[in-house]
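These notes are about the structure you will find just below.
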């Protein structure tokens, strides 16, 4: 493979995670090790920046700032939910790449973003423009099938598990067999996040909260739910329910859809299942109910990020650069779990084209017969992902996140009319 | 003052805080230093335990467990929202005290619980039963007027400030001048918690999030709110709004009351103001809105508790014992701030009878003219309260809170029929 000299560009897309910036740090740190890479650029707000030639010089950032990406949530370069559709959009992006001699393109994101990256790569081939494109996975939802798990997932679990423990001890103090706490977590069509709340149980304490976990992989029934809740309230001072937003009934319909609107990518706007369950319990079981909807905090709580997750997010950024410099293109970096009893994790590569095709569900055989708790296979899978704490510096009592200087790269093209 | 020999009892009441257990640790640790105190008991679930003679032996707990109270949220002894009303209830509590030779009674709580404690004390005097009663303040709401601030408040602020920073960087990554984040915080009739979100701004960065803070001390107007939001969206990529649940309009009516029901103490059930503001923005300003309702996590997030707050909560527990052993009764321990520029805090005492009479509001002169931001007086007040981090041990990736063994004290009285 001949050495390819030129500039590299990294872009962030979709909902941020607590560790998505660690992947940028991995890309930047590794890119600077290779003399074939001259400039290290970032795109502002993902595809937006690529269309409008809004690029920043990441090599000009202080080392302190790049290190700070390892504990700063959000997407430091800005993100977007834009999906490129029109042929001229792809043409434009390639034009921007050519104008800035971008030869290495690292796209951090999930399905849609990686699909767009694959299309840009295909167009470059058509035009004989040598470009290496490597995707870097991120999603708290953990539903990409090609990788053992996704960067961002472990930190979301650590936050959810911590919050479940804290809300549970509070409820334990206030309950007298009459208090139900409902915690609604994200996860569009897969129960990875809801299932992960089970980590809040202590080892060998199956009756610990969360007492009931409902995931989209198990058809939901009002009657069984009420029965489950009543049984727990009889046994415990209170009942903690964790529920995934994308819960479906036996016909596959969402139990609760907040509005009829869809987001920019055409997904139904979920949410509201917590309130739906509250109404059920209040009207049918006569217990007091508290609803917590963890929302965006699940993907932003860097102060309680998993060190394992943060390090793996950094690692996939590094691995993307190493792969591209080594001649790979049209790949996504994956996380590959070692076979040993002691957890280990290495990186691999998968074809970018295959990433968007499947939605990884929680395996049914990892869920107990009762449909509301996880078995040892899930614990074996998820427990290693939340290990270790990231050290976040505090300034005047609060986490001190970094901000990039974002030194603009001079534009050379006329403005783009979308 | 003659030495009073006998047993002591500590009780927790009302909503827990992240540090209410630290006050129990302070009581237990200090009580064991004094030979006039024989047994150290706790009441299970506050007044419930006092009525039903459900007492536990706190001296029998391991030292590890008592130390663990300093980082464990919830109320380790159990709490309740019961207010004693009937004369026979007070008679019963005193009977329980006599049966167990309780001579020192430490009530951790806010208005209602301390009022009940004062009444028990009055009844003891009537019956010539020597009893010393000292109250220990706790409330995240920070609305007790006799004390500079309340244990529990600083940790709630640290959690709120952290979450505001994290949600803000996430929104900053996703916004294009069209995204509004609404964060609803607790605080029945006072804006202490909402105002505290302002600590998330960096020093000398008045345009940092949270951009708009609405407190019950300033009459709310839909028009001004929409105008405020529009201005921020023009200036920034996104707008972060923090709102106290007890917001009122110019006529003093709650802007949003979730249900017509009241809690066990007759308070209106607030909440829903976040959704109210969302509807306003969506219909009138055409921006995307995210609502976060921090709920119970505000008082339970021990993993991000303020060290200053935790230490002061321990200190007020110690001070209560020292005061009672020294002959004081019918007092509540207060926190007294030093006069120096460098923050210092000592304890004082106030009459228990005076505690419940006033509801401390955020001073109007600490709020800027714009009505949506705080001035230096608030920062000077609140900043010291969130300093330092409590070290919480982690076990297998999650905070490992302690559980008390709760060894029962033998009952000697017939059951109580309420």
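Structure notes:
- The combined condition, being away from every other protein chain (no Cβ under 14 Å), surrounded by fewer than 21 Cβ atoms within 10 Å (Cβ to Cβ), more than 21 Å from the chain's Cα centre (by Cα) and closer than 24 Å to residue A:167 by Cα, is not fulfilled by residue B:88.
- Listing of helices (runs of 4 or more DSSP H) fully contained in region B:12-84 that carry 3 or more residues being under 22 Å from residue B:311 (Cβ atoms): B:20-31, B:63-68
- Criterion (away from every other protein chain (no Cβ under 14 Å) and either surrounded by fewer than 18 Cβ atoms within 10 Å (Cβ to Cβ) or at pLDDT 95 or above (or both)) met by exactly one of A:310, A:344: A:344
- Unique match (being touching a helix residue (DSSP H, G or I) at 6+ places or on another chain (Cβ under 7 Å) and within 14 Å of another protein chain (Cβ to nearest Cβ)) among A:68, A:135, A:74: A:74
The rows are residues; the columns are (1) away from chain A (no Cβ under 14 Å); (2) more than 29 Å from residue B:69 (Cβ to Cβ); (3) surrounded by fewer than 13 Cβ atoms within 10 Å (Cβ to Cβ); (4) in contact with a helix residue (DSSP H, G or I) (Cβ under 9 Å, 6 or more places away or on another chain).
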| position | (1), (2), (3), (4) |
| --- | --- |
| B:356 | yes, no, no, yes |
| B:360 | yes, no, no, yes |
| B:363 | yes, yes, yes, yes |
| B:367 | yes, yes, no, yes |
| B:372 | yes, yes, no, yes |
| B:377 | yes, yes, yes, yes |
| B:381 | no, no, no, yes |
| B:387 | no, no, no, yes |
| B:392 | no, no, no, yes |
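- The residues in region B:157-174 that are touching a residue at least 40 places away in the same chain (Cβ under 8 Å), within 7 Å of chain A (Cβ to nearest Cβ) and crowded, with 24+ Cβ neighbours inside 10 Å can be counted, and the count is 7.
- Considering residues of region A:196-216 that are closer than 27 Å to residue A:283 by Cβ and more than 14 Å from every other protein chain (Cβ to nearest Cβ) only, the residue surrounded by the fewest Cβ atoms within 10 Å (Cβ to Cβ): A:212
- Flag if residue B:113 is in contact with a strand residue (DSSP E or B) (Cβ under 8 Å, 6 or more places away or on another chain) and surrounded by fewer than 24 Cβ atoms within 10 Å (Cβ to Cβ): no
- Of A:179, A:193, all but one fail to be farther than 19 Å from residue A:254 by Cβ and either within 26 Å of the chain's Cα centre (by Cα) or crowded, with 16+ Cβ neighbours inside 10 Å (or both); the exception is A:179.
- All conditions in (1) surrounded by fewer than 24 Cβ atoms within 10 Å (Cβ to Cβ); (2) not in a helix (DSSP H, G or I) hold for residue B:184, with the sole exception of (1).
- Subset of region A:101-123 (residues that are under 25 Å from residue A:16 (Cβ atoms) and outside any helix (DSSP H, G or I)): A:102, A:104, A:105, A:106, A:107, A:108, A:109, A:110
- Residues in region A:1-13 that are within 24 Å of the chain's Cα centre (by Cα) and more than 9 Å from residue A:75 (Cα to Cα): A:8, A:9, A:10, A:11.
- Looking across B:292, B:353, B:319, one residue alone is at pLDDT below 95 and farther than 22 Å from residue B:192 by Cβ. It is B:353.
Conditions tested, residue by residue: (1) touching a helix residue (DSSP H, G or I) at 6+ places or on another chain (Cβ under 7 Å); (2) away from chain B (no Cβ under 14 Å).
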residue: A:2; (1), (2): no, yes
residue: A:24; (1), (2): yes, no
residue: A:37; (1), (2): yes, yes
residue: A:43; (1), (2): yes, no
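- Within region B:272-304, the set of residues being part of a loop (DSSP other than H, G, I, E, B) and within 10 Å of another protein chain (Cβ to nearest Cβ) comprises B:294, B:295, B:296, B:301.
- Among the residues making up region B:112-132, those that are free of Cβ contacts under 8 Å to residues at least 60 places away in the same chain and in contact with a helix residue (DSSP H, G or I) (Cβ under 8 Å, 6 or more places away or on another chain) are B:119, B:120, B:123, B:124, B:127, B:129.
- Scanning region B:22-32 for residues that are in contact (Cβ under 8 Å) with a residue 60 or more places away in the chain and surrounded by fewer than 24 Cβ atoms within 10 Å (Cβ to Cβ) yields B:29, B:30.
- Residue tally, condition touching a strand residue (DSSP E or B) at 6+ places or on another chain (Cβ under 9 Å), touching a residue at least 24 places away in the same chain (Cβ under 8 Å) and in a loop (DSSP other than H, G, I, E, B), over region A:319-355: 5
- Test: residue in region A:51-65 that is at pLDDT 95 or above, crowded, with 21+ Cβ neighbours inside 10 Å and within 12 Å of chain B (Cβ to nearest Cβ): no
- Scanning region B:221-257 for residues that are under 25 Å from the mean Cα position of the chain (by Cα), closer than 15 Å to residue B:188 by Cα and assigned to a strand (DSSP E or B) returns B:242, B:243, B:244, B:248, B:254, B:257.
The values are calculated or read from the model by the stated rules, or taken from the named source; none is laboratory data. What you are looking at is a predicted structure, and each value in this text was computed from that prediction instead of being measured. With ideal geometry, Cβ positions are generated from the backbone for all residues, glycine too; neighbour counts draw on all protein chains shown.
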